[in-house]
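Here the structure comes first, spelled out in structure tokens, and everything after it is commentary.
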Amino acid sequence: MASVAPGDKPTDTPGPGGPAGVDDDRTYSYASIPPAGTQPNGGLRRRNGDGRRGTLDLGLFILRLVVGGTFLYHGLQKLTGWFDGPGMDGTKEMMEQGGWDHPSIAAALVTAGEVGGGILLILGLATPLAAGAVLAVILDAWMFKQGMHPDFQYSQGPGAVELDTVLAGAAIAIIFTGPGRWALDRGRSWATRPGAGSLVVLVLAFAAAIFTYWYLQDGNPLTGIGPFE
């Protein structure tokens, strides 16, 4: 605003019409400043990214398809004998030969975890529990393979645990990310914003796997790794 001498009238009063009623785009209307905290609906959501998820949900859907499909495939091999699988009788025999106590229970647990968890992951239904179930299954497989052959064999040897480690990591990722919006769980809070419950599911999955291995297999799966000689 221009300076005004005492007694003089201002000649360029800011306003919609500018000086002498002439429009002036340079003028600024203070009334155009929105009051604090009155952003349009969705403004805050757009700011923190909820409205700009991009391909995130597609990526989570693909991750669920791959992980859930892998577990379902192996579960159907055990349950039905499809895909050149052993069927339930062959699975029980395999468990017995592997030194599992109560092979019928062991076969039922691994099959239920793979089939049930795989289907639920693909659908995105009860996703935290589904991811926790397949995580417990693959952790037991990891411990079983590692316990059969002392020393850590990540990618080579008959006890290689590379694939098991990748599947376990993917299951943990799903627990922490949720299934995304391309899921039957899309209306649940854990679909896009998992909270502390994810840690609870992770701890329960590890606890279930360790208890199952201790009860049905026994032994130390870490033999030959570092201090576990």
Query raised in the report: For region 160-176, does any single residue satisfy the condition of being aromatic (Phe, Trp, Tyr), touching a helix residue (DSSP H, G or I) at 6+ places or on another chain (Cβ under 7 Å) and either at pLDDT below 95 or more than 24 Å from Ile62 (Cα to Cα) (or both)?
Result: no
Query - Hey, Gly15 modelled with pLDDT under 80 and under 30 Å from Pro179 (Cβ atoms) or not - result: no
Report task. Quick one: which residue in Pro179, Pro194 is crowded, with 21+ Cβ neighbours inside 10 Å and part of a loop (DSSP other than H, G, I, E, B)? Result -> Pro179
Query - Pair list, Cβ < 8 Å and 6+ apart or interchain, from region 123-149 residues that are touching a residue at least 60 places away in the same chain (Cβ under 8 Å) to residues that are crowded, with 24+ Cβ neighbours inside 10 Å and basic (Lys, Arg) - result: Gly124/Arg64; Thr127/Arg64
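What's the total number of residues in region 132-176 that are assigned to a helix (DSSP H, G or I), of a type in the set (D, E, K, R) and surrounded by fewer than 22 Cβ atoms within 10 Å (Cβ to Cβ)? Can you show your working first?
Of all residues in region 132-176, those assigned to a helix (DSSP H, G or I) come to 132-148, 162-176.
After this cut, where a residue has to be of a type in the set (D, E, K, R) as well, the list is 140, 145, 162, 164.
Those left that are additionally surrounded by fewer than 22 Cβ atoms within 10 Å (Cβ to Cβ): 145, 162, 164.
Qualifying residue count, region 132-176: 3.
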Query raised in the report: Residues in region 70-105 that are out of contact with any Pro (no Cβ under 9 Å at 6 or more places or on another chain), surrounded by 14 or more Cβ atoms within 10 Å (Cβ to Cβ) and in a helix (DSSP H, G or I): how many?
Result: 13
Report summary line: Note on region 106-125: residues open to solvent by 30 Å² or more (accessible area, probe 1.4 Å) and outside any helix (DSSP H, G or I) are Leu125
Query raised in the report: From the list Ala126, Ala136, Ala130, Ala108, which residue is modelled with pLDDT of 95 or more and more than 26 Å from Gly197 (Cα to Cα)?
Result: Ala108
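The values are calculated or read from the model by the stated rules, or taken from the named source; none is laboratory data. What you see is a predicted model; the values in this text were computed from it and never measured. For neighbour counting, all protein chains shown are included, and Cβ atoms are generated from backbone atoms with ideal geometry for every residue, glycine included. What goes into the accessible areas is simple: the full protein's heavy atoms, side chains included, and nothing from ligands, DNA or RNA. Shrake-Rupley method; radii C 1.70, N 1.55, O 1.52, S 1.80 Å.
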